[in-house]
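**Q** Before I ask anything, let me first share the structure, which is written out below as structure tokens.
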Amino acid sequence: MSAVRVHNFAISLDGFATGAGQAPDAPFGHAGERLHEWMFATRFWHEMGGGQGGSGGADNAFAAMHGPGIGAEIMGAGKFGPPGWQDDPDYKGAWGANPPFHTPVFVLTHRPRPSIEMAGGTTFHFLDLPPAEALKRAREAAGGQDVRLGGGPSVIRDFLAEGLVDHMHVVQVPMVLGRGVRLWDGLESLEEAYHIEAVSTPSGVTHLTFTAKTR
Ligand SMILES: NC(=O)c1ccc[n+]([C@@H]2O[C@H](COP(=O)([O-])OP(=O)(O)OC[C@H]3O[C@@H](n4cnc5c(N)ncnc54)[C@H](OP(=O)(O)O)[C@@H]3O)[C@@H](O)[C@H]2O)c1
């Protein structure tokens with residue numbers, strides 16, 4: 001069966017994956033861009049933006065695993081847009097006309113709307129379904145490939161709680177955010193279900209990989 005994978009999911013030392021005060025001009029709230037500076041420096045990120053350059057070391061090797069083998073993404077309403085986006089019938093996500101997904105994307109929301117086809121192969125579908133049922137829909141759309149769970153922390157936490165995540169790459173960034181949305185709340189003893197490896201890189205981050213013992 002196709003795997004459910006999380007990639008490049010950045011958290012602070014105190015476990016926050018986003019800061020407080022998310023807004024259109026501050027998608028990570030008071031965290032700003034600090035959770036992802038390690039990734040912005042990589043060749044993977046430069047090439048995603050259509051450019052060249054960037055580092056080709058260990059951070060890049062991890063970051064570049066984001067795309068291969070992925071046939072669909074699931075994300076939460078909080079990643080799709082800032083608080084209140086559901087009130088704008090014309091809102092089409094935070095990524096412009098050609099979003100970087102290039103697959104079907106299933107947005108979990110209690111206020112679903114008709115699907116939106118974007119340039120470059122991304123179609124946003126909106127689902128008000130429990131995690132396991134949403135995953136069934138995403139797997140069908142992924143055509144045998146894996147499903148990426150794109151965040152944010154609330155959605156990843158819900159899928160982890162139900163044992164639906166096969167592989168997770170978390171990047172611990174050496175900063176203390178103090179406020180925001182935590183990844184780990186309610187997941188006591190999660191480590192027992194996974195083989196976990198950790199690699200620290202010269203940029204100062206620690207890459208943690210969780211591979212389900214059942215895989
Ligand atoms: N650190 C990282 O690497 C990373 C990665 C991605 C995103 N982020 C950040 O994470 C933040 C968003 O995370 P978040 O935890 O606030 O929100 P989220 O996980 O993106 O979305 C949670 C929301 O999705 C909807 N939802 C979730 N499960 C649902 C279900 N089963 N059925 C229907 N609706 C469902 C609900 O919204 P409604 O009730 O409003 O419909 C819920 O409040 C953003 O700041 C984003 O920038 C960080």
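No value in this document is a laboratory result; all are computed from the given coordinates. Predicted model only: the values in this text are computed from it and were never measured. Note that we place each Cβ from the backbone using ideal geometry, even for glycine, and neighbour counts take in every protein chain shown.
**Q** Looking at Met75, Gly32, Ser12, which one has the Cα that reaches farthest to the positive end of the dipole of the range 1-140 (charges on Cβ: Lys, Arg +1; Asp, Glu -1)?
**A** Sorting the options by dipole projection puts first Met75.
**Q** I'd like the GluC sites (Glu not before Pro) in the range 1-63 restricted to DSSP loop residues with at most 12 other Cβ atoms within 10 Å, sorted by number.
**A** Qualifying residues, ordered by number: Glu33.
**Q** So what does the Cα-only Debye profile of the range 63-104 read at q = 0.15 Å⁻¹, as log10 I(q)/I(0), no solvent term?
**A** -0.45
**Q** For the residues Lys136, Lys79, what sequence is obtained by ranking on other C-beta atoms within 10 Å, fewest first?
**A** Lys136, Lys79
**Q** So if each residue of separation counts as 0.36 nm, and I subtract the Cα-Cα distance between Thr206 and Glu47, what length gain in nm does that give?
**A** Between Thr206 and Glu47, full extension yields 55.0 nm more.
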